[in-house]
Each structure stands twice: as C-alpha cells, then as structure tokens.
Amino acid sequence: MNYLPNPKNWAMELGPENCDELNDKLIEDKLVQLRCHFTWKLHIEDTELHDLENRVLDQIEYLDNNFNVGIHNLLAYVKHLNGHNKEALESLKEAEDLMQAGHIPQSDAIKLVTWGNYAWLYYHMGRLADAQIYLDKVENTCKKFASPSCYTMECPEMDCEEGWALLKCGGKNYERAKACFEKALEVDPENPEFSTGYAIAVYRLDGFNTTSRFRNAFCVQPLKRAIRLNPEDAYIKCLLALKLQNIGQGAEGEKYIEEALAKMTSQAYVFRYVAMFYRKKGSIDMYSVAGNSRKAEDTYQKVFCMKSLEEEKIQEIYFQQGQFQEFQRKSEVDAIIYYLKAIKIETPSSPRDRSISALEKVVLKKLQRNAEDMESLGILGFIYKLKGEINKALEYYERALRLAAD
C-alpha cells in the first residue's frame, strides 16, 4: 500500500496556511540562486542610503547613463532599501523599457539581473505569483544557454554587472568589485567595459593607500589600457590626468584633460574633474584646496572658451564654482556671484535649480547673522520671485527698500 500523499492533493492535505508557507519556501529557495542586487551582498550602511540615491540620480542625469539599464536597477534596489517599493518598481520598469527599446544591444546578463530584481521585489511585496513570472523568465534563459543551474548564469558579463554594482556602493565594496572585473577579464582581456571597470576600481583603491606620495602609480597602466580600448571615454581620461598630476607628471596629465574636453558631448559631470585638475596645477601643496581665486577662475575660463558649450553646461560650471567658493574658499560673497551667474542664464535645468537652492541657503545664513543685510534681503526677494511666491518676494523687497530709505 502506498502511504505517500498524492502531490495533486498536497494543498488539501497540508491546509491553506501550510500550503502558503511551502510555496513561499519554494520561491525563496529559487530566489537565493539568482545573481542580482538582492543577492550580491552590497555593503551599504543605512546612513549612506540617501547620499547613494543622490549619486545614482546625478549619474543618470550627467554621465550619459540614459541607456544604462544597470544604473536603473541599482536605483530600484536603493529605493527598496529606503522602503519605497512602488518607486523601486517604477525604476525597474524604466530598466525594462530601455531593454525593449533596443537603443543599444543589451546582454542576457543584464536581462537576468533585471528579472531577478523584479522577482525579489515582488517577493518582498507579497506578490508571489508575479515573482514566479520573473523566475520563469530567468529559468527559460538559463536553459537556453544550458546553464548547470536553472536560476544562475555564470558568464563574464554577469561578473561585470556585479562589479559595477559593487563599485557604485562605496569603498567597502571596492576590493570585491576589482575581483569581479578581474574574473571577467580572464575570459575576455580586450573587452573595453571590463577594462574600464577594473581601472576605476584600482583607481579608487589607490586613493585609499596613503603610505607614500606615489600612491597612485599602480593604477596608471590600467587607466591607459582602458583608454586604449575605449578612446571616447572622457571620464577615464580625467581620472588618468589627476593620477598623473599626483605623481608629478602634470604635463602629460594636462594632455588627457584637453582630450577629454575636446571629445565631450553631454558629460557635464566631467567638468568637476577638469576643475580639480586645474585647481591643483601650480599649487605648492597639492592636497590644499585653498588656492587663490584667480587660479580657480582660470579653471572655468578654460571651459567657457569652448565654442560648443551648451547653456546648461555653463550653468553647471557656475554652480560648481559657487560650491568651490562657498565650501573651499569660505567666501559667501563670491559664491553668491557665481550662483547668480548660473541663475541669470534662464534656460530651465537642474544646475539652475540647484543654484537657486544653494543661493537661498547662503543668504538665509547671512540674514541669521544680520537681519538687516539689505543685499541679502533683496536677493531673497529675487529668489522668491523666481519660485513664483510673489507675496514673499514683495515682503523682502519692501524690507530691503525700507533699509535703503533709512
């Protein structure tokens, strides 16, 4: 006599509660086999989440990552960690839309990462049926490539995706990121993306080594190799320029800066590194950022001379110069000047909005010290006018005028 229960009758024999528990366990056993942000053990402190989300958003906006599915996956994971699962789903939808749009070829690895993140997210939301849909997608792809595991794909492209995720999550993940890119390069040594990821990982790890003045020398060759394989990458050229400058080869470094500026398209983010290079140039103590304002101004004038510079990029440069004046040179007066320059270019943009916000904070600080600062009152009126808060604008303009009459 067969005493084993008939699988068709398990649900009836186990009861609904035990059945749900079994189903949950079966799905969880599949989920842990996936390679995605939820299983990569990214080391992110709770206190770092807000800053990481802002960095990811900046990279989406400034680093030509509009077609980078991986960055949207990371944003989804960060939003999940922040408790915003619906927003996380929206980010995954953006990633999925980019894959389907076909603007650039997408590897099967990034598809598996996206589907894996979907499955985990739906699992955390209690939507087990939806989680299973994406687990099935992963399983079908793994079967297509005859993977030994139904839910795990071992390939250099997957190692690369894991490396990028680790690299973007802070210093405690850099060694593992480097190992991922090394593993990928063992399979495909001439791959431009693998080489770029490895070079950036080594660059950042070198930055942690403060044992000698020549601490950055090790990453020079990986950076040069990455440039050889990806000569259009302005970001890598800026990193190499800064490293060469730090080991006393500033003249060679400046050549890479000039190449980066000549080849730039929409990478406004790169201006930050250009500014860092020229700010250090000629400084007696290259670790000091308190150089005179003339040198800092020269940095930005070099960029303003570019004929093809778009208005938004100019706004970004003025904003960065304002930040430099405010936080490095501790000059609120000069910071206000540059924030105003960015704002007076009326093209709507993120740099302009950030300049308005930064300007408001500066003048409010000044007014806390001196409530009768006529200039700050007038600027605050101007800010509120820009924000459409006309009553507030009139209030501060009138206060400034009363002080002027006195």
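Summary of computed values
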quantity: Some residue of the range 126-135 being under 23 Å from Glu45 (Cα atoms) and assigned to a helix (DSSP H, G or I); calculated: no
quantity: Any hit, the range 129-141, residues being polar (S, T, N, Q), under 26 Å from the mean Cα position of the chain (by Cα) and not assigned by TED's automatic domain parsing to the domain that holds Lys237; calculated: no
quantity: Considering residues of the range 229-257 that are of a type outside the set (A, V, I, L, M, F, W, C) and within 24 Å of the chain's Cα centre (by Cα) only, the residue nearest to Phe208 (Cα to Cα); calculated: Lys243
quantity: Odd one out for Tyr151 among (1) part of a helix (DSSP H, G or I); (2) under 26 Å from His72 (Cβ atoms); (3) of a type in the set (Phe, Trp, Tyr); calculated: (1)
quantity: Within the range 352-395, tally of residues that are of a type in the set (S, T, N, Q) and touching a residue at least 40 places away in the same chain (Cβ under 8 Å); calculated: 1
quantity: 2 or more residues modelled with pLDDT of 95 or more and not hydrophobic (A, V, I, L, M, F, W, C): qualifying helices (runs of 4 or more DSSP H) within the range 41-118; calculated: 69-81, 85-101
quantity: Any chance Gln368 is of a type in the set (S, T, N, Q) and either modelled with pLDDT of 95 or more or under 27 Å from the mean Cα position of the chain (by Cα) (or both); calculated: no
quantity: Of all residues in the range 333-360 being part of a helix (DSSP H, G or I) and acidic (Asp, Glu), the one that is surrounded by the fewest Cβ atoms within 10 Å (Cβ to Cβ); calculated: Asp353
quantity: Odd one out for Asn173 among (1) within 21 Å of Ala119 (Cβ to Cβ); (2) surrounded by 17 or more Cβ atoms within 10 Å (Cβ to Cβ); (3) in contact (Cβ under 8 Å) with a residue 60 or more places away in the chain; calculated: (1)
quantity: Residue check for Tyr318: in contact with a Phe, Trp or Tyr (Cβ under 6 Å, 6 or more places away or on another chain) and at pLDDT below 65; calculated: no
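Residues checked against (1) modelled with pLDDT of 95 or more; (2) within 25 Å of the chain's Cα centre (by Cα):
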residue	(1), (2)
Tyr123	yes, no
Phe145	no, no
Pro148	no, no
Glu154	no, no
Cys160	yes, yes
Leu166	yes, yes
Gly171	no, yes
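The values are calculated or read from the model by the stated rules, or taken from the named source; none is laboratory data. Just so you know, these numbers come straight off a predicted model, no measurement behind them. Cβ coordinates were reconstructed from backbone atoms using ideal geometry, including for glycine residues, and neighbour counts include every protein chain displayed.
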